[in-house]
1. With (1) farther than 19 Å from residue 46 by Cα; (2) out of contact with any strand residue (DSSP E or B) (no Cβ under 9 Å at 6 or more places or on another chain); (3) at pLDDT 95 or above as the list, and residue 70 as the residue in question, which single condition is left unmet?
2. Got at least one residue in segment 130-151 being under 21 Å from residue 42 (Cα atoms) and in contact with a helix residue (DSSP H, G or I) (Cβ under 8 Å, 6 or more places away or on another chain)?
3. Just need a number here: residues in segment 129-156 that are more than 17 Å from residue 65 (Cα to Cα), part of a strand (DSSP E or B) and in contact (Cβ under 8 Å) with a residue 12 or more places away in the chain.
4. Confirm whether residue 104 is at pLDDT 95 or above, under 19 Å from residue 81 (Cβ atoms) and surrounded by 19 or more Cβ atoms within 10 Å (Cβ to Cβ).
5. Give segment 44-97 a look and list any residue that's within 9 Å of the chain's Cα centre (by Cα) and surrounded by fewer than 20 Cβ atoms within 10 Å (Cβ to Cβ), or say none.
6. Which one of 93, 101, 117, 86 is touching a residue at least 40 places away in the same chain (Cβ under 8 Å), in a strand (DSSP E or B) and either touching a helix residue (DSSP H, G or I) at 6+ places or on another chain (Cβ under 9 Å) or farther than 18 Å from residue 63 by Cα (or both)?
7. Out of the residues in segment 18-57 that are part of a loop (DSSP other than H, G, I, E, B) and touching a strand residue (DSSP E or B) at 6+ places or on another chain (Cβ under 8 Å), which is modelled with the lowest pLDDT?
8. Restrict the check to segment 10-17 and report whether at least one residue is loosely packed, with under 10 Cβ neighbours inside 10 Å and either modelled with pLDDT of 95 or more or part of a helix (DSSP H, G or I) (or both).
């Protein structure tokens, strides 16, 4: 091996043939989520129910909602429709995070435990798979105070075009 510079003033590569280490990979491109934040800002239904988006990322979102007087049914528990709406709003953030205009094609929910007046619910959504224009997103709704699972939601989405 020689330490003499070669043409251009650069040191010669080691004779072992390995050369300098490869450059580190480029960091992954982080998508612009402005379209999702704009969609959320225009979501009057979620705002009316006191929902707050805590996390908005590609394929992941967390939304929080307090259970208010108007959300309690005749059994003195949170009406399932409000819990579904929380999960559905979280689902919308997740399935739209990839940059295509995406809508629900269907959804199912399993109510695991009751929520009550004054509880704060937290929904965390994660994309499970995306194939062609379709996708599947799971949302778990928990009670903030003790982490108890309140509901499990699975949404099926369909991309209908570019933003």
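The values are calculated or read from the model by the stated rules, or taken from the named source; none is laboratory data. Keep in mind that this is a model prediction, so the values were computed, not measured. Virtual Cβ from ideal backbone geometry, glycine too; neighbours counted across all protein chains shown.
1. Here residue 70 clears every test but (1).
2. Quick first cut of segment 130-151, residues under 21 Å from residue 42 (Cα atoms) only: none.
No; the residues of segment 130-151 include none that is under 21 Å from residue 42 (Cα atoms) and in contact with a helix residue (DSSP H, G or I) (Cβ under 8 Å, 6 or more places away or on another chain).
3. 9
4. Spelling it out, it is not the case that residue 104 is at pLDDT 95 or above, under 19 Å from residue 81 (Cβ atoms) and surrounded by 19 or more Cβ atoms within 10 Å (Cβ to Cβ).
5. 55, 56, 57, 58, 59, 60, 62
6. Residue meeting the stated conditions: 101.
7. We begin by selecting, within segment 18-57, every residue part of a loop (DSSP other than H, G, I, E, B); these are 18-33, 42-43, 49-51.
In the following step, the residues that additionally are touching a strand residue (DSSP E or B) at 6+ places or on another chain (Cβ under 8 Å) were identified as 33, 49-51.
On the way: 33: 92, 49: 97, 50: 97, 51: 98.
Out of the qualifying residues, it is 33.
8. Filtering segment 10-17 for residues loosely packed, with under 10 Cβ neighbours inside 10 Å gives 10, 15-17.
If we keep only those that are either modelled with pLDDT of 95 or more or part of a helix (DSSP H, G or I) (or both) as well, we get none.
Checked segment 10-17: no residue is loosely packed, with under 10 Cβ neighbours inside 10 Å and either modelled with pLDDT of 95 or more or part of a helix (DSSP H, G or I) (or both).
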